[in-house]
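Colleague: Got a structure for you, written out below as structure tokens; questions coming shortly.
The values are calculated or read from the model by the stated rules, or taken from the named source; none is laboratory data. In this text the structure is predicted, and so the values were computed from the model without any measurement. So basically every Cβ, Gly included, is an ideal-geometry build from the backbone, and we count neighbours across all protein chains shown. Just the protein is used for accessible areas: all its heavy atoms, side chains included, with ligands, DNA and RNA removed. Shrake-Rupley method; radii C 1.70, N 1.55, O 1.52, S 1.80 Å.
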Amino acid sequence: MQQRPALTEIDINRDLLRPILATPMWFYGLLMFLGIFVAAALGAFAWAINHGTGVYGLNRPVMWGFLLVNFVFWVGISHAGVMLSAILRLCNAEWRRPATRAAEVLTVFALGTAALHPLFHLGRPWRIYWSMPPGYDFGRGIWPDIRSPFVWDPTAISTYLTSTALFVGLLLLPDIAVLRDRSSGMMQRVYSMLSLGWRGNTRQWKLQVIAGFLLSALILPVFVSVHSIVSWDFAVQIAVEGWNATIFAPYFVIGAVHSGVAGVISILALLRWMFKWENYIRDDHFDALARLMIVVAVGWFYFFIIEFMMGFYPNEEPELSLRALQLTEWPFNAAFILFALTSFFIPVPLWLFRKVRRNVALMFWTTILVNIGMWLERFLIIIPSLMRKQVLTFNWGSYNPSPIELILVGGSFAMVFTGVLTFAKFFPIIPLSDAKEGEIMATEIRVGKVMVPAAYREE
Amino acid sequence: MHNGGPHGHHVDLLERTSAEVNKEVLGWTTRTSSKYWLLVLALAAVTVLGVIGFIMKAGDGGLDSHLPWGYLAAGLAFVLTTSLSAPLIAIAPRLAKAHWTRPISRIAELWSVAGLLVLLIMIPLLITLPSAADRNTMWFYNKIAEGWPPGAPYLYIVLTLVFLVINGFGLLWASAIPDFAAARENATGWRKTWYTRLSLGWVGTKRQWRALRAGLGVLGALYFMFLVFAHTVVSFDFAQSLVPGQRDSIFPTWQALGGIQAALATVIVTAFIVRLAGGFKDYININQFWSLAKLMLASSLLWMYFWWSGFIVLWYGKTPLQQNLLDLMWFGPYLTIFIMTILLSFAAPLLLLMWNGVRKSILGPTIVAVLILAGAFLDKIRIYVSSYSIEDVNAHALDHVPAGVTPESADIMILMGVVSGSILLFTLALKFVPIINMWEVREGMLLQEIRPLKKLPLKVIAKPE
Amino acid sequence: MAVERKWGMAVDADKCTGCQACVVSCQAENNIPLNESDHFLQRRAIQWIRIERYWEGNFPEVKARFVPMLCQHCENAPCEPVCPVFATYHNNEGLNVQVYNRCIGTRFCANNDPWNVRFFNFWEPVWPETMRNQLNSDVTIRSRGIMEKCSFCVQRIRRTVREVTREGREIVDGDVTPACVQSCPTNALVFGDLNDPDSQVDKLRKGGRQYRILDHLGTEPSVYYLKKVDPHAVTEESHA
């Protein structure tokens, strides 16, 4: 960590609360602009409900298309929250401080958007509640089928969503109290209610810290299970040879961490630029996050190589035709090359250089590339495999996404950004208490002639 | 976290001068007692027993078929998983600039000397390994072109393991250079010759330090790559490719993860013993055991998660091949061993390490580590003996599950010899290479201190760029 | 009845001429939506039984092979455990049953169906006024968002069982004929009780020419295909 300016509590309060208490005009403009895309997405959904799933590009055999790709993508992005918040909190890493709440909020909205996708893609979405207990006809003993991964999915996702929301909410209490003490009128009443009587005494802080550690530890198994369960939507199927691999669960999880942490870095760069938070989201934070990304990316790449190589391992159809489709036929060959470049071969070598890691613009663009690559990765897993399910070549198919699907996919990005920005309008997206604690814990050690930056460590 | 609460607040930081560190560590390195030689003798005897067992078996069945050699393969895999994975505990935290590994990093790196044993065992295993023709291997032999890639799988197994062992030795040597330089000052006789030679003229200039750190970084990263690749290759060529039709993509990654778990356990047990035998209670204290225990808990949970990911896909599919694989690997003749593995590698670590008191102690993680090592041992037996029991490796798919292979006395002797052989190599090496990384520990003392923060003494940790 | 029934079919690939009479009669019997050329181009045409045509050899020695493909009614059907709402399950007569009312349209079953014999109503089916009288009143009309597939003409099975019980006798081989079996001009399709040793289908499936498609998946299909295999024939690449 390099030298940085000392900030007082007044500075911190003023800077981090500025988006809430003195919202700039362009903020509302941005929200309205995003709102157009959200409205378009909702309109597309209404169109699909009205006319039927025929408006999508789906057919036989490609019964799952862009919407499932998007679903898996957003569940993946949602894994950043826990990765950064929980694991770094448990490891006592100082550089987590600005990133934790932004990551958790990204999780909440990414997961919420992902949870909408089953509604989009179902044939009769008004009956979706039949897949959750108590199910269709529990009076006569017909509950949801627990053997189905589509029953595991809502269980896992709702658990994750609830626990992350609780996590955010609980750790937000001290900051809501700060807002309560600085606002007036209607907002003051709302913040009062939400702050649950926070007074900031020793007992309450002690409970906060304990709760933070406990929730971090408990949410880790949830986080691993969610994307594993989503991966088992695909891996348990024997009919689609390209999906029937045992590696899917950890492969998807580490891919999720890869794309999620990249998403958080993108958001942090945007927040730093929008709200001029150079003192809070500093270069060393990007440096540390980029080094984490290198480790995660290399791990992910290993899993990808194994998964890909195992496709060739049994040397049998239809897997060989599937890989030939992915590698040699348009548009999958272009998608594959783009995916390989954007998810690994361009970003990771760049991140090996300190100058790149500390350059916020480069970090922003490389992490956007990573997420383009990871969306393509899900696309390359889902759609070509359905096009080449078994050796019966009469049933090999193809797929073209429809405009409605494209609007829904694009609109989902707007939905997530709108959610995160709306949160930033009402609650501080960098935890005030964390920033202040960071200032207190920061210190220096003299080693020879040099003052090395250091931090107090509570054990 | 508990600010001066009833749990107390002890901060353990080593307080020594540099000269004291050198004296204590080098003193133990150069001093050999009769107890030590007794231990060496005992280990050597068991190792020789293992060699005798091998000769018995080779003479009896010969080296024609791979079928009798499952237990030897399990031994190779066990050493790879425990000893050769141990250096990771030195490499990874060094990358993260963590301070708690400083006293135990040499213990972790020193285990790479067991690589010599791995190379030795590799030879008969390669002789008995069936050729890659007509069966699925990760080298796609004959699938790309006739006779291509040449030398598969033997050449590539040799290259992987040889490079891994060389890298391990290189890492050990590099990290020991400053310590050898410190040792050469007061050494005599053969020690002085070798310490001088191996310290490569180290005097500790800025340039040399920078080169050393860069070298450690590169060697560490390479070692990690080679280790993961070695786990992949060994689990493929000595297990998965011997079972016709098996296509378990999580298997190599699961073995690599098992290696991380067993590496932590190996380092904990070794640190416990070294701490007592060498009187290093101040160097290796609660911090090391506590941090290792947290990692061990995490890796045990991950171990179970990886196993479950494999199981759910194979079990859900219910194709005849998948059902045969489930039988062969887990629920058939090796069911008892499998249950014991689940208990030792997952249930016991979870149920014990989930308690704060157990994690934050010295004996607790050590006991769990022993259980994990036992679990890893049984697990390797289960995997490799079952894979080696398939007669027709050229079939298209596994169509029946052979009966379990019970160990002969020669097999037991071999396994005992393998374990004691790796411990023997370590024991011999630790009287030459200082068992505690003196320069890293001294650096750690510079970068950590205890200071009061609002009346509470806290540790201050520096993270230099 | 002491022994439970297990409905199954034998499809004689040697006899099938690819005439598609079975396809047409199935459409008529089961109220299958009308397939226009658009539907075929979009790959959304619904044909509970279809003729798959594979080409063998190169010009001029080209041969077309016909394989009538319908739901295999597997004992261990992979499409069954994946439905979140139990809309497809295995009944005690060996049928893989699709319950239209319960289907919410996840299409999971269609993905885990190796033979691609499940069909989804992407659009609301529409029959022109003139075709409404042709609809079979024994069979439910499916709305959009619902999966459908061959049911071994379960309505005919139910009706026959009712009538035979009313007559006071047991079901014998030949009493139940699904629409496709009824209309096949070469008698390539044979339907019956696989558990009845006197039934024609049971004799055919043990006759020596039988095989099952994608048997290695272990799903135990109830549909057996019959083909005389010449062990001396030179195997060539075949393509669809």
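Colleague: Before rounding to the nearest 500, sum -39500 (n - 2.57) across all DSSP H runs of length at least 4 in chain A and divide by the residue total; then give [θ] at 222 nm in deg cm²/dmol. List each step's numbers first, then the result.
Modeller: On the way: 17 runs with 303 residues, N = 459.
About -22500 deg cm²/dmol.
Colleague: Right, here's the next one. Per 10 Å bin from zero, what fraction in whole % of the C-alpha pairs of chain B is there, up to the bin with the longest pair?
Modeller: 4, 19, 29, 25, 15, 7, 2, 0
Colleague: Tell me the label-point distance for the pair C:Val126, B:Ile52, using the 7 Å Cα-to-Cβ offset, in nm and rounded to one decimal.
Modeller: With each label point 7 Å from Cα toward Cβ, the separation is 9.1 nm.
Colleague: Related question: Just flag the GluC sites (Glu not before Pro) in the range A:294-383 sitting in loop per DSSP whose Cβ has no more than 16 other Cβ atoms within 10 Å. Before the final figure, lay out the partial values.
Modeller: Details: sites: A:Glu307, A:Glu316, A:Glu319, A:Glu329, A:Glu377; in loops: A:Glu316, A:Glu329.
When the GluC sites (Glu not before Pro) of the range A:294-383 are filtered for loop state and at most 16 Cβ neighbours within 10 Å, A:Glu316, A:Glu329 remain.
Colleague: So how many Å³ per residue does the convex hull of the Cα atoms of the range A:9-455 work out to?
Modeller: Values: hull volume 78.3 nm³, N = 447.
So the per-residue hull volume is 175 Å³.
Colleague: Relative to the longest principal axis of chain A, what angle (0 to 90°, nearest 10) does the C-alpha long axis of helix A:9-21 take?
Modeller: Here the helix axis deviates by roughly 40 degrees.
Colleague: Given a 1.4 Å probe, how much area per residue of the range C:7-239 is accessible, in Å²? Don't skip to the answer; put the middle values down first.
Modeller: Values: 10650 Å² over 233 residues.
About 46 Å² of surface per residue is accessible.
Colleague: Could I ask something else about it? Please enumerate, by chain and number, the lysines with C-alpha under 16 Å from the C-alpha of C:Lys203, excluding those fewer than 8 residues away in the same chain.
Modeller: C:Lys6, C:Lys227, C:Lys228
Colleague: Here's another thing I want to ask about it. Mind checking A:44-51 for the average number of partner chain beta-carbons within 10 Å of each residue's beta-carbon?
Modeller: Partner-chain Cβ atoms within 10 Å, mean over residues of A:44-51: 1.
Colleague: Pop the C-beta distance of C:Glu36 and C:Ala64 into the FRET formula with R0 = 25 Å and round what comes out to the nearest 0.05. Let's see the in-between values first.
Modeller: Values: r = 25 Å, r/R0 = 0.99.
With a Förster radius of 25 Å, E is 0.50.
Colleague: Solvent-accessible area per residue for the range A:9-455 at a 1.4 Å probe radius, Å²?
Modeller: Details: 16240 Å² over 447 residues.
Accessible area per residue, the range A:9-455: 36 Å².
Colleague: Now for a different question. Over all alpha-carbon pairs in the range C:1-113, figure out the percentage whose distance exceeds 18 Å. Kindly include the intermediate steps, with their values, before the conclusion.
Modeller: Numbers: 4105 of 6328 pairs.
Of all Cα-Cα pairs in the range C:1-113, 65 percent lie more than 18 Å apart.
Colleague: In addition: In whole angstrom, how far apart do the alpha carbon centroids of the range B:388-434 and the range B:11-67 sit?
Modeller: One Cα centre to the other: 19 Å.
Colleague: Distance between Cα centroids, the range A:192-264 to the range C:99-175: provide it in whole Å.
Modeller: Spelled out, the Cα-based centre of one part sits 43 Å from the other.
Colleague: Also, I was wondering about something else. For each pair in B:Lys360/B:Lys459; C:Lys149/C:Lys206; A:Lys276/B:Lys454, compute the distance between the two Cα atoms and list the pairs where it is over 21 Å.
Modeller: Values: B:Lys360/B:Lys459 17 Å; C:Lys149/C:Lys206 27 Å; A:Lys276/B:Lys454 33 Å.
C:Lys149/C:Lys206; A:Lys276/B:Lys454, as the Cα separations exceed 21 Å there.
Colleague: Oh, and also: Mind listing which GluC sites (Glu not before Pro) in the range C:141-183 are in a DSSP loop and have 15 or fewer other Cβ atoms within 10 Å?
Modeller: Numbers: sites: C:Glu148, C:Glu163, C:Glu167, C:Glu170; in loops: C:Glu170.
Of the GluC sites (Glu not before Pro), the ones in loops of the range C:141-183 whose Cβ has at most 15 other Cβ atoms within 10 Å are C:Glu170.
Colleague: As an exercise, take the mean of 1/r over every pair of distinct alpha carbons in the protein assembly as shown, invert it, and state the Kirkwood radius in angstroms.
Modeller: Values: mean 1/r = 0.0301 Å⁻¹.
One decimal place: 33.2 Å for the Kirkwood radius.
Colleague: Evaluate the Kirkwood expression for the hydrodynamic radius of the range C:7-239, namely the inverse of the mean inverse distance over all pairs of different C-alpha atoms, and round to one decimal in Å.
Modeller: On the way: mean 1/r = 0.0528 Å⁻¹.
Result for the range C:7-239, one decimal place: 18.9 Å.
Colleague: Please work out the C-alpha center-to-center distance from the range A:140-174 to the range A:313-384 and express it in whole Å.
Modeller: Comparing the Cα centres of the range A:140-174 and the range A:313-384, I get a distance of 31 Å.
Colleague: Taking the alpha-carbon distance from B:Lys380 and a cut-off under 29 Å, which lysines remain once sequence neighbours fewer than 8 residues away in the same chain are dropped?
Modeller: By straight Cα distance, B:Lys380 reaches B:Lys57, B:Lys294, B:Lys318.
Colleague: Under 18 Å Cα-Cα from B:Lys463, which lysines qualify once same-chain neighbours fewer than 8 residues away are excluded?
Modeller: Answer for B:Lys463, where 18 Å is the Cα cut-off: A:Lys449, B:Lys97, listed by chain and number.
Colleague: Let me ask you something else. Using a loss threshold of 50 Å², tell me which positions in the range C:194-218 are less accessible in the complex than in their chain alone. Probe radius 1.4 Å, ligands and nucleic acids ignored.
Modeller: C:Leu217
Colleague: Another one. Given R₀ = 41 Å, FRET efficiency for C:Lys228-B:Val158 by Cβ-Cβ distance, to 0.05?
Modeller: Working: r = 52 Å, r/R0 = 1.26.
With a Förster radius of 41 Å, E is 0.20.
Colleague: Further question: Given a Förster distance of 60 Å, report the FRET efficiency between B:Lys431 and C:Gln182 from their Cβ-Cβ distance, rounded to the nearest 0.05.
Modeller: Values: r = 90 Å, r/R0 = 1.50.
E(calc), rounded to 0.05, equals 0.10.
Colleague: Return the loop-located trypsin sites (Lys or Arg not before Pro) in the range B:77-114 (DSSP other than H, G, I, E, B) with at most 15 other Cβ atoms within 10 Å of their own Cβ; answer none if there are none.
Modeller: Values: sites: B:Arg94, B:Lys97, B:Arg106; in loops: B:Lys97.
Passing sites in the range B:77-114 are B:Lys97.
Colleague: In deg cm²/dmol and to the nearest 500, what is the mean residue ellipticity at 222 nm of chain B if only DSSP H runs of at least 4 residues count, each as -39500 (n - 2.57), divided by the residue total? Kindly include the intermediate steps, with their values, before the conclusion.
Modeller: Numbers: 18 runs with 298 residues, N = 465.
My calculation for chain B gives -21500 deg cm²/dmol from helical runs alone.
Colleague: Kindly state, as a whole number, the per residue volume in cubic angstrom of the convex hull around the alpha carbon atoms of the range A:170-313.
Modeller: Values: hull volume 25.2 nm³, N = 144.
Normalising the Cα hull of the range A:170-313 by residue number yields 175 Å³.
Colleague: Looking at chain A, identify the longest residue range that excludes and avoids all trypsin sites (Lys or Arg not before Pro) in DSSP loops having at most 10 other Cβ atoms within 10 Å. Don't skip to the answer; put the middle values down first.
Modeller: Details: sites that count: A:Arg199, A:Lys449.
Longest gap between qualifying sites, sites excluded: A:200-448.
Colleague: Can you give the accessible area per residue of the range B:3-158, in Å², using a 1.4 Å probe? Please list the in-between numbers first.
Modeller: Details: 6900 Å² over 156 residues.
The answer is 44 Å² per residue.
Colleague: If the rule is a partner Cβ under 4.7 Å, which cysteines in the protein assembly as shown fail it?
Modeller: Cysteines lacking a close Cβ partner in the protein assembly as shown: A:Cys91, C:Cys16, C:Cys19, C:Cys26, C:Cys74, C:Cys83, C:Cys103, C:Cys153, C:Cys184.
Colleague: Report, please, the projected area of the range C:109-240 averaged over directions, based on the convex hull of its C-alpha atoms, in nm².
Modeller: On the way: hull surface 49.2 nm².
Mean orientational projected area (the range C:109-240, Cα hull): 12.3 nm².
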